[in-house]
1. How far is it, in nm, from the label point at residue 30 to the one at residue 59 when both lie 7 Å from their Cα along the line to the Cβ?
2. In square angstrom, what is the accessible area per residue of the range 6-45 with a 1.4 angstrom probe?
Amino acid sequence: MFSTTEVISDLIKGTPYLEEALAEDLINYSSLARKIRPQIEKKLMKQVKEGAIIMALKRTSSRLKGTLPKSDKIWRSLGDIVIRS
């Protein structure tokens, strides 16, 4: 049996933009919890409270903050960009 946190982590890892936005605290947890609640309930095959989803999202986002590289480092590693028209 899966836990709520495991299901949410898998869901977030499958969506890179969501993963990055959570790591940078750009997303409202309660609105995201309402949005993904049906998917989580389907995978867990039971009712899940919105508060439990919010807490799992907070735990997951705190883990992501240290693991994702900063966007500044990514842009600097690309080098110069030349545009020709």
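The values are calculated or read from the model by the stated rules, or taken from the named source; none is laboratory data. Not measured: the values here are computed from a predicted model. Counting neighbours? That spans all protein chains shown, and the Cβs are built from the backbone with ideal geometry, glycine included. Heavy atoms of the whole protein, side chains included, go into the accessibility calculation; ligands, DNA and RNA do not. Shrake-Rupley method; radii C 1.70, N 1.55, O 1.52, S 1.80 Å.
1. That separation, rounded to one decimal, is 2.2 nm.
2. Working: 2590 Å² over 40 residues.
For the range 6-45, the per-residue accessible area is 65 Å².
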